[in-house]
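Note sheet for the following structure.
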Amino acid sequence: MKKLNLEEIDPDFLIAGGADAIRNAFQDVFGEKTMVMCWAHMRRNVVKKIESMVKKSEQEDLVNDVESLQLAQDERIFIKASNLFVKKWSKKETNFIEYFQNEWLTTHNAWYAGVGHFTPSTNNALEATNNAIKKGKYTS
């Protein structure tokens, strides 16, 4: 940053998809910061897993419960709600719950609404800008 004579920035968090390369680069440059998982990316990934792992008759209820978890307004509520979610679904959908706990309650667990107050829940605006650049709208 200093070599480019740019003003130094110190972001409080990163909103990204699940790409480890982006997360690792951000952490290398800015240190330990909150890594907010983009809700749109998280939901898309979870729905795909649900469709491939869960009985058709349970899919809609399971998606609704994941969407309800996302509405948690703080960490305490998210943890309590997650515990209830796991308890409810662990007997019916063991394989899915194992995946969900590992991926979304441990590895990438910052995807609920209250993880960063006044932060967007998705990185859609950034992705729209990136797509416009890729399509040449800002390169000529």
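A short reminder: the numbers here are calculations on the coordinates, not readings from a lab. All figures in this text were calculated on a predicted structure; none of them were measured in a lab. Cβ sites come from the backbone with ideal geometry, for glycine too, and all protein chains shown count toward neighbours.
Tabulated values for the structure
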quantity	calculated
Total formal charge among the other residues, if their Cβ is under 12 angstrom from that of Trp89, Lys/Arg +1 and Asp/Glu -1	0
Sequence of Ser90, Ser68, Ser57 once ranked by neighbouring C-beta atoms within 10 Å, starting from the fewest	Ser57, Ser68, Ser90
Ranked Val86, Val54, criterion: other C-beta atoms within 10 Å, fewest first	Val86, Val54
Members of Lys56/Lys92; Lys55/Lys88; Lys49/Lys80 lying beyond 19 Å, as alpha-carbon distances in this model show	Lys49/Lys80
